[in-house]
Amino acid sequence: MNPEEIYIRQFKDCDLFGLIELLNDLENQELVGGSLEPMNEAEVLNWLNLKRSDEGTNIFAIICQDEFAGYVLITSIDRINGHAVFGINISRLFQGKGVGAIAMKHVHDFCKDSLSLRKLVLYVREDNQRAISLYKRLGYKSVGSLLNHIKANESYIANNVMEVFL
């Protein structure tokens, strides 16, 4: 995958179909800790507009070869203390191809240069080993775990907390 063909930008109307598809991929949503209820177009648009209207949140579409590949979310932005919570959701079509790593590097640059943040924190299910491996490669360190935090089938699993200094 050519790194120049992967970038983040503000959401456009043409991204809505890809977002609807991504947010309705319940298997993928389960891994990122998202909603497990199907969402129609109006609900997805409402979700997106809530994110865009929140002053403490930035949301960007990830574009790969001119296609919607997912989104990144920077939320709970604390400018005084210089940190925020980071999230990423990649369409399965683009997983395992380096898209997430490149998008995250763009987010790190944006957070450092445009938001003057010094640290990002993220939450990841303990069973999402592919994501954990990516985060570690990008310098994230494990700083704790919320035990028995996420319901998975008939039991509960931990939600790991990781952070990176920018």
- Out of residues 5 or more away from Ser145 or on other chains, whose amide H comes under 5 Å of its own, with H placed 1.01 Å from N in the peptide plane? Val161
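How do Phe94, Phe17 rank when sorted from fewest to most other Cβ atoms within 10 Å of their own Cβ?
Working: Phe94 21, Phe17 12.
If I rank by nearby Cβ atoms, fewest first, I get Phe17, Phe94.
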- Message: Could you give each residue of region 66-73 its phi-based ³J(HN,Hα) in whole Hz, using Karplus coefficients 6.51, -1.76, 1.60 with θ = phi - 60°, and x for Gly or Pro?
- Response: 6, 10, 5, 10, x, 8, 10, 10
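Give me the extension gain from Arg92 to Arg79: residue separation times 0.36 nm, minus the current Cα-Cα distance, reported in nm with one decimal. If you can, show how the numbers build up before the last one.
Values: separation 13, 0.36 × 13 = 4.68 nm, distance 3.30 nm.
Working it through step by step, the gained length comes to 1.4 nm.
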- Two-decimal Rg to Rh for the chain - Kirkwood Rh, Cα set: 0.94
- Query: Using the beta-carbon distance between Val121 and His149 and R0 = 25 Å, what value does 1/(1 + (r/R0)^6) give for FRET efficiency, to the nearest 0.05?
  - Reply: 0.95
- Item | Dimensionless Rg over Rh [region 1-88; C-alpha; Kirkwood] | 0.98
- Query: Separation between the Asp113 and Lys51 pseudo-spin-labels, each 7 Å from Cα along Cα→Cβ, expressed in nm?
  - Reply: 2.2
- Note on the structure: Stokes-Einstein D for region 88-162 (20 °C, 1.002 mPa s, Kirkwood Rh from Cα pairs), in µm²/s, comes to 157
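Throughout, read-outs are computed from the coordinates displayed, never taken from laboratory work. Predicted model, so just to flag it, every value in this text is computed and none were measured. Methodologically, a virtual Cβ is constructed for each residue, glycine included, from the backbone with ideal geometry; neighbour enumeration extends over all protein chains shown.
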